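Trainee: My questions will all concern the structure given below.
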Amino acid sequence: MTLVLEQQYIDEMIAHAKEDAPNECCGIIAGAAGRATKLYRAINAEASPYRYSVEPKDLLRIHREVDGNDWEFLVIYHSHTHTEAYPSPTDVRLAAWPDAYYVLVSLMDEAKPVVRAYRITDGAVAEEPIDVR
């Protein structure tokens with residue numbers, strides 16, 4: 001299944017990754033009926049170049065607004081600052097939303113960031129195409 005995102009969301013995820021480097025960034029894109037409506041930058045509670053977890057109060061704030069608008073979590077995104085845009089074993093283990101896309105932004109080559117999308121279900125990783133509009 002193809003993830004459809006406007007270019008502004010790709011640009012915002014890349015900008016967020018660069019601003020939070022050398023630590024990983026994380027965030028959520030919410031929407032309805034498969035269409036993105038809002039990107040939420042989140043606080044990485046780990047403040048680490050190797051791990052991320054959305055700060056619980058931040059997640060609650062985002063959840064409340066998403067639920068209040070009858071949206072859903074379309075994308076859970078984070079960056080890899082020194083490795084490729086592929087889910088790590090930790091990313092796979094912590095993937096808690098099987099209906100969401102997991103998007104990774106790699107800054108391994110900072111001049112050419114790479115953005116890739118995956119579905120992670122029961123430990124299985126499947127890359128999905130991104131249709132940029």
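The values are calculated or read from the model by the stated rules, or taken from the named source; none is laboratory data. All values reported here derive from a predicted model rather than from experimental measurement. With ideal geometry, Cβ positions are generated from the backbone for all residues, glycine too; neighbour counts draw on all protein chains shown. Each accessible area value is taken on the protein alone, full model and side chains, heavy atoms only, with ligands, DNA and RNA left out. Shrake-Rupley method; radii C 1.70, N 1.55, O 1.52, S 1.80 Å.
Trainee: Among (1) under 21 Å from residue 118 (Cβ atoms); (2) in contact with a Leu (Cβ under 9 Å, 6 or more places away or on another chain); (3) among the β-branched types (Val, Ile, Thr), there is one condition residue 4 misses while meeting the rest; what is its number?
Mentor: Here residue 4 meets the rest and fails (2).
Trainee: Might you let me know whether segment 57-68 holds any residue that is among the β-branched types (Val, Ile, Thr) and either over 24 Å from residue 1 (Cβ atoms) or modelled with pLDDT under 95 (or both)?
Mentor: Looking only at segment 57-68, we keep the residues that are among the β-branched types (Val, Ile, Thr), and these are 62, 66.
Subset that is either over 24 Å from residue 1 (Cβ atoms) or modelled with pLDDT under 95 (or both): none.
The answer is no; no qualifying residue exists.
Trainee: Now a separate question. Condition test on residue 40, is it open to solvent by less than 40 Å² (accessible area, probe 1.4 Å), within 16 Å of residue 9 (Cβ to Cβ) and touching a helix residue (DSSP H, G or I) at 6+ places or on another chain (Cβ under 8 Å)?
Mentor: Working: open to solvent by less than 40 Å² (accessible area, probe 1.4 Å): yes; within 16 Å of residue 9 (Cβ to Cβ): yes; touching a helix residue (DSSP H, G or I) at 6+ places or on another chain (Cβ under 8 Å): yes.
Considered against the rule, which asks whether it is open to solvent by less than 40 Å² (accessible area, probe 1.4 Å), within 16 Å of residue 9 (Cβ to Cβ) and touching a helix residue (DSSP H, G or I) at 6+ places or on another chain (Cβ under 8 Å), residue 40 comes out as yes.
Trainee: Yes or no: residue 91 under 23 Å from residue 22 (Cβ atoms), among the charged types (D, E, K, R) and open to solvent by less than 30 Å² (accessible area, probe 1.4 Å)?
Mentor: Details: under 23 Å from residue 22 (Cβ atoms): yes; among the charged types (D, E, K, R): yes; open to solvent by less than 30 Å² (accessible area, probe 1.4 Å): yes.
Spelling it out, residue 91 is indeed under 23 Å from residue 22 (Cβ atoms), among the charged types (D, E, K, R) and open to solvent by less than 30 Å² (accessible area, probe 1.4 Å).
Trainee: Now for a different question. Kindly indicate which of 49, 98, 56 is without any contact (Cβ under 8 Å) to a residue 60 or more places away in the chain and open to solvent by 90 Å² or more (accessible area, probe 1.4 Å). Talk me through it step by step, then tell me what you get.
Mentor: Working: 49 fails: open to solvent by 90 Å² or more (accessible area, probe 1.4 Å); 98 fails: open to solvent by 90 Å² or more (accessible area, probe 1.4 Å).
Within the list 49, 98, 56, the selection yields 56.
Trainee: Residues in segment 18-37 that are closer than 24 Å to residue 2 by Cα and surrounded by fewer than 21 Cβ atoms within 10 Å (Cβ to Cβ): how many? Working first, answer last.
Mentor: Step one: filter segment 18-37 for residues closer than 24 Å to residue 2 by Cα, giving 25-37.
Imposing the further condition that a residue be surrounded by fewer than 21 Cβ atoms within 10 Å (Cβ to Cβ) reduces the set to 31-37.
The qualifying residues number 7.
Trainee: Restricting attention to segment 101-117, and to residues there that are of a type outside the set (Lys, Arg) and open to solvent by 70 Å² or more (accessible area, probe 1.4 Å), which single residue is modelled with the lowest pLDDT? Explain how you work it out, then say what you get.
Mentor: Within segment 101-117, the subset of a type outside the set (Lys, Arg) is 101-111, 113-115, 117.
This time we only want the ones that are open to solvent by 70 Å² or more (accessible area, probe 1.4 Å), so: 108-111.
Details: 108: 95, 109: 95, 110: 90, 111: 94.
That would be 110.
Trainee: Within segment 66-78, count every residue that is of a type in the set (D, E, K, R) and surrounded by fewer than 13 Cβ atoms within 10 Å (Cβ to Cβ).
Mentor: Counting residues in segment 66-78 that are of a type in the set (D, E, K, R) and surrounded by fewer than 13 Cβ atoms within 10 Å (Cβ to Cβ) gives 2.
Trainee: Take residue 81 and decide whether it is touching a helix residue (DSSP H, G or I) at 6+ places or on another chain (Cβ under 8 Å), open to solvent by less than 70 Å² (accessible area, probe 1.4 Å) and within 18 Å of residue 106 (Cα to Cα). Even if it seems obvious, please write down each step before you answer.
Mentor: Details: touching a helix residue (DSSP H, G or I) at 6+ places or on another chain (Cβ under 8 Å): yes; open to solvent by less than 70 Å² (accessible area, probe 1.4 Å): yes; within 18 Å of residue 106 (Cα to Cα): yes.
Yes: the conditions hold for residue 81.
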